[in-house]
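Engineer: Okay, here's the structure, questions in a sec.
The values are calculated or read from the model by the stated rules, or taken from the named source; none is laboratory data. Keep in mind that what you see is a predicted model, and the values were worked out from it rather than measured. Please note: Cβ atoms are built from the backbone with ideal geometry, for glycine as well, and neighbour counts cover all protein chains shown.
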Amino acid sequence: MAVDNKPSDAGMKWPAGDVAWMLAVFCLGLLVRLFRIDHQPFWLDEALTSQRIQLGPSGLIADSFTNRHMPTYFLMLRLISQFGSGNALLRIPSALFGALSVGMVFVMARRISTRGAAVVAGLLMALSPLEVQYGQEARSYTLVTLLITIALWGLLRLAQNPHTAALDVRRIDADRLGWVAYVAGTIGALDVLGDAAPWLIASNLALFLIWRTLHQGASPEVRDSFRRNACLSMAVIVACTVPFYGAILAFGDRHILQNFDWIPQLSWQHLWVAASSVYLMRTTAVVRFDLLHTAVPLLGALVAVLACVGLLRMRRRLEGRILLLAFVVLPLLILSISLFKSMLLPRYILWSAAPFFVLAGIGAAALPRRTWPVMASILLLLGAINLGPVYRVETKPRWDMAAATLAANVRPGDTVLTADPNAPTMLTVLQPKDGMPIEASAVITSQLDQALARWKQGGRVWAVNGRSALGEREELDAFKTRIAALGTPTVEIPQGKEITILMFPAQENPSPN
């Protein structure tokens, strides 16, 4: 494989052109993530983030562990929230981490291939609709992706010079930076989100491949030294992460897999949705397992072909096998578990997109060098057009509209009945900040018997049908049938594509209290 102006292993100094291109793709990634960052409302996970960071530090930590989450990201957002309020402020860290991941994808591709490969890989990461979506969400997925790309960069560095990686880390000529990047990135990812756990499998398989490479000519002492470094790194990782996972087991229940019953059952359609959104540049609706319309249908096929070419070009190189492991271990593990307990969600395999895009960039480097400017320009144009639905289409339910409508119309004695048991949380978090809280005038409940009792006592009922997250949804007609005892609604108000509000007037002859 031809390589031009490749940064040296010693080198701390890149050619000026590489630095400029890296900054360009980073800025592009940041721009597309900051653009209209607050145009979509919070959905359930973000609403829970908003509620959690309003707790005190001890309450936040306990609530995180009880719900099987690491508290680290939420503690960071709690600190940031002291400087202001609003959806955008809580989402900006995700945008920044996502843009930094774009830069790391460029750095990885540039380390093992050409500048052209790095530019294409960086553009794909920058313009991936799913990466942009999660770069505009107040959750920790982009931070985990960034930390794993740092760890993967460390492994690729170690793989490029296994003999240096095998030196005692106390020696000045040892590859300390490679080991530190791998260990620190892995610890950080595991201490932010449990979704990073499969990275331990992928990374240890990668370390095993590096160790095997040392069998081809290295002395037993060198192999033993590498094994000691690997064991030491694992000991540090375990020491820095096991206490957190022990706290999750201590605070939460023991039936972890049972808490994922809301994930739709594995099917060919769901498999296609996950693969297309994570790797093939498609946009999804957050609360539906569906792909949105794409303006550039052939873009995904182009990316898939480039990744296959990149894999073929790298198949005999140790770095290529490590990239392949980083790409396939996570989706294959999730898929294997899903054969027994459905766990397949795009966000659970999000970080595996980074090595995939690096492979696609390396595949693009197979094109004649004179075509690279045209290739990059076409990719930039098609990717920008393909991002359109992220900004134009409703990808998250408009609970903000529903909350504003209810806040403006409910009066004392009214009841708000929700089809989704999580809807009260959505209405509480997303109601207008400058008005009277809904719960100050009305009772919000998902219990039909409570709503019926209050209606019989002379109160109006506002019935809200709509979903707040993935899972089973009660369709509007079925909801109307279930609440038919309330009579016929006099008002029906659509709130975006997912939510409908029905208003049932007070009973004419209410029952006495």
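Engineer: Starting from residues that are surrounded by fewer than 20 Cβ atoms within 10 Å (Cβ to Cβ), assigned to a loop (DSSP other than H, G, I, E, B) and touching a Lys or Arg at 6+ places or on another chain (Cβ under 9 Å), keep the ones in segment 61-85 and report whichever is modelled with the lowest pLDDT.
Structural biologist: If we take residues in segment 61-85 being surrounded by fewer than 20 Cβ atoms within 10 Å (Cβ to Cβ), assigned to a loop (DSSP other than H, G, I, E, B) and touching a Lys or Arg at 6+ places or on another chain (Cβ under 9 Å), then Ser85 is modelled with the lowest pLDDT.
Engineer: If I filter segment 463-472 for residues that are under 24 Å from Thr395 (Cα atoms), among the polar types (S, T, N, Q), at pLDDT below 90 and surrounded by 17 or more Cβ atoms within 10 Å (Cβ to Cβ), do I get at least one hit?
Structural biologist: Yes, that holds for at least one residue.
Engineer: Return yes or no: is Ala165 in contact with a helix residue (DSSP H, G or I) (Cβ under 6 Å, 6 or more places away or on another chain), modelled with pLDDT under 95 and of a type in the set (Gly, Ala, Ser)?
Structural biologist: Here the answer is yes, as Ala165 does meet what is asked.
Listed here are the residues, each with its yes/no results for (1) free of Cβ contacts under 8 Å to residues at least 12 places away in the same chain; (2) of a type in the set (Gly, Ala, Ser); (3) within 28 Å of Ser128 (Cα to Cα).
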position: Pro397; (1), (2), (3): no, no, yes
position: Ala407; (1), (2), (3): no, yes, no
position: Thr415; (1), (2), (3): no, no, no
position: Gln457; (1), (2), (3): no, no, no
position: Gly471; (1), (2), (3): no, yes, yes
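Engineer: Just checking, which of Pro129, Pro93 is at pLDDT 95 or above, assigned by TED's automatic domain parsing to the domain that holds Asp191, within 15 Å of the chain's Cα centre (by Cα) and more than 30 Å from Trp372 (Cα to Cα)?
Structural biologist: Pro93
Engineer: Right, another one. Is at least one residue of segment 349-367 surrounded by fewer than 21 Cβ atoms within 10 Å (Cβ to Cβ) and either in a helix (DSSP H, G or I) or polar (S, T, N, Q) (or both)?
Structural biologist: no
Engineer: Specify the residue that is nearest to the chain's Cα centre (by Cα); the eligible residues are those in segment 168-182 that are modelled with pLDDT of 90 or more and aliphatic (A, V, I, L, M).
Structural biologist: The residue in question is Ala181.
Engineer: What's the total number of residues in segment 322-339 that are under 14 Å from Met108 (Cα atoms) and surrounded by fewer than 23 Cβ atoms within 10 Å (Cβ to Cβ)? Spell out the reasoning first.
Structural biologist: In the first step, residues of segment 322-339 are kept if they are under 14 Å from Met108 (Cα atoms); the result is 322-324, 326-327.
Keeping just the survivors that are surrounded by fewer than 23 Cβ atoms within 10 Å (Cβ to Cβ) gives 324.
Of the residues in segment 322-339, 1 are under 14 Å from Met108 (Cα atoms) and surrounded by fewer than 23 Cβ atoms within 10 Å (Cβ to Cβ).
Engineer: Being out of contact with any strand residue (DSSP E or B) (no Cβ under 7 Å at 6 or more places or on another chain), of a type in the set (A, V, I, L, M) and under 30 Å from Pro373 (Cβ atoms) is the requirement here; does Leu177 meet it? Break it down into steps so the answer makes sense when it comes.
Structural biologist: Details: out of contact with any strand residue (DSSP E or B) (no Cβ under 7 Å at 6 or more places or on another chain): yes; of a type in the set (A, V, I, L, M): yes; under 30 Å from Pro373 (Cβ atoms): no.
No: the conditions fail for Leu177.
Engineer: Could you check Ala484 against (1) at pLDDT 95 or above; (2) farther than 30 Å from Thr284 by Cα and say which number it fails?
Structural biologist: (1)
Engineer: Something else: Do we find that Arg411 is surrounded by fewer than 21 Cβ atoms within 10 Å (Cβ to Cβ) and touching a strand residue (DSSP E or B) at 6+ places or on another chain (Cβ under 7 Å) in this structure?
Structural biologist: no
Engineer: Of all helices (runs of 4 or more DSSP H) completely enclosed by segment 122-180, which ones contain at least 2 residues that are buried (at least 24 other Cβ atoms within 10 Å of the Cβ)?
Structural biologist: The qualifying helices (runs of 4 or more DSSP H) are 129-134, 141-160.
Engineer: For segment 391-405, name all the residues that are outside any helix (DSSP H, G or I) and either closer than 20 Å to Val416 by Cβ or in contact with an Asp or Glu (Cβ under 6 Å, 6 or more places away or on another chain) (or both).
Structural biologist: Pro397, Arg398
Engineer: Something else now. Only residues that are in a helix (DSSP H, G or I) and buried (at least 20 other Cβ atoms within 10 Å of the Cβ): list them for segment 31-40, please.
Structural biologist: Hits for segment 31-40 are Val32, Arg33.
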